[in-house]
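Only one structure is covered here, and it is reproduced in the block below.
The values are calculated or read from the model by the stated rules, or taken from the named source; none is laboratory data. Keep in mind that this is a model prediction, so the values were computed, not measured. So basically every Cβ, Gly included, is an ideal-geometry build from the backbone, and we count neighbours across all protein chains shown. Heads up: the accessible areas ignore ligands, DNA and RNA and are worked out on the full protein's heavy atoms, side chains in. Shrake-Rupley method; radii C 1.70, N 1.55, O 1.52, S 1.80 Å.
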Amino acid sequence: MKIEEYLDTLPKNLLSGEDVQLSEKSFREIFKLAEMNENDIFYHLGCGDEKGIEIAIKEFKVKKAVGIDSNSEKIQSAKESCKQKNIEAQLLCKNIEESDISDASVILFWFTDDKVINQMLEKIGRAHV
């Protein structure tokens, strides 16, 4: 399945950039599409809860998983959930535009603001030159 075909299967409110959490099934499909594995360092920008981080660690066995979100309540909740589930992840309450993602091999972000998208693409480009 091509990424364009996959995007057509997602709910329209998700594509509009509303604050919507991806389903576990969607995380798994995206991670499979990215061929994520134990050699990857995964960043989830705008992570909300820890579900994507949990799936990346437990099922795709990534080397490292980092969740970044500017919402301190979501990050605190994600930290507590990871602690309860004994999941080792780095969860940061930070502005993604100011975050260092240079060691990432897989980055998941879901923003519709062209400025933010272009900044992330520039960071990704510098990280993989």
Residue ID - most open to solvent (accessible area, probe 1.4 Å), chosen from residues in the stretch 1-13 that are in contact with a helix residue (DSSP H, G or I) (Cβ under 8 Å, 6 or more places away or on another chain) and either in a helix (DSSP H, G or I) or at pLDDT 95 or above (or both) | ILE3
Mind listing whichever residues of the stretch 36-71 are hydroxyl-bearing (Ser, Thr, Tyr) and surrounded by fewer than 19 Cβ atoms within 10 Å (Cβ to Cβ)?
-> SER70
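Tell me the strands (runs of 3 or more DSSP E) entirely within the stretch 44-120 that contain at least 1 residues that are touching a strand residue (DSSP E or B) at 6+ places or on another chain (Cβ under 8 Å) and within 18 Å of LEU33 (Cβ to Cβ).
64-69, 106-109
For the stretch 75-121, which positions are aliphatic (A, V, I, L, M) and open to solvent by 90 Å² or more (accessible area, probe 1.4 Å)? First the steps, then the outcome.
At the first step, the residues of the stretch 75-121 found to be aliphatic (A, V, I, L, M) are 75, 78, 87, 89, 91-92, 96, 101, 104, 106-108, 116-117, 120-121.
Passing the criteria: only LEU121.
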